[in-house]
Amino acid sequence: MEIRILPDPTPELEALVETHVAFCDGSAPADSCHRLPVSELFAPDITVWGAYEDGALVSMGALKRLSATEGEVKSMHTLAAGRGRGAGRAILGTIVAAAREAGLTSLSLETGVHDQFGAAVGLYRSFGFVDCPPFGSYRHDPHSRFLTLDLTTAEVPA
């Protein structure tokens, strides 16, 4: 598995984001889906990584800098065909390490509450993410779960 920064959108990334959009939109009303379109992923305050297996993009995730000390995990998604092989874990580990290296002290995320998000929530919890109230511009939403990680104390799992 190879993890690399994606400096620009590619057709392969656009297809993965469309899969992510369909997954998210299939679980909640549109105003409860907080995924970013490809055009917004390549903003100056966001870094996007891709996990490649045998040359094919199988997973992605991004780090959005919210402030000098806070970051947000965005657009985590692994294709169904690539699940269970560590791609999501590798992407999340890369994001956590990059957040620490950037001097961030907390990393938060929003994800769904429905059953299809169970594996993702399990992954986040395995890294030490815990429930938190809505952060940044998010508001309480019955379709959203908010998690945070204290980067000053958390240990990245092996």
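Across the range 79-106, the residues whose backbone nitrogen lies under 15 Å from the label position 7 Å along the beta-carbon direction of Tyr138 are 106. Other residues whose C-beta falls under 14 angstrom from the C-beta of Gly82 contribute a net charge of -1, scoring Lys and Arg +1 and Asp and Glu -1.
Estimated from helices alone, the mean residue ellipticity of the chain at 222 nm is -8000 deg cm²/dmol (sum of -39500 (n - 2.57) over DSSP H runs with n ≥ 4, per residue).
Available extension along the chain between Ala80 and Thr10 is 23.2 nm, counting 0.36 nm per residue and deducting the alpha carbon span. Each Lys or Arg adds one and each Asp or Glu takes one away; over the other residues whose Cβ falls under 9 Å from the Cβ of Thr47, this sums to +1. As a rough guide to protection, the peptides 82-90, 46-54, 9-17 ranked by mean Cβ packing within 10 Å, highest first, stand as 46-54, 82-90, 9-17.
Restricting the range 114-158 to trypsin sites (Lys or Arg not before Pro) that sit in a DSSP loop and have at most 14 other Cβ atoms within 10 Å of their own Cβ leaves Arg139. On the basis of the beta-carbon distance and an R0 of 22 Å, Glu155 and Asp45 show a calculated FRET efficiency of 0.25. In terms of its Cα atoms, the range 69-128 spans 34, 23, 18 Å along the principal axes, sorted from long to short.
All of the numbers you see were taken from the coordinates with simple rules; none came from a lab. Computed from a prediction, not measured in an experiment: that's the story for all the values here. For neighbour counting, all protein chains shown are included, and Cβ atoms are generated from backbone atoms with ideal geometry for every residue, glycine included.
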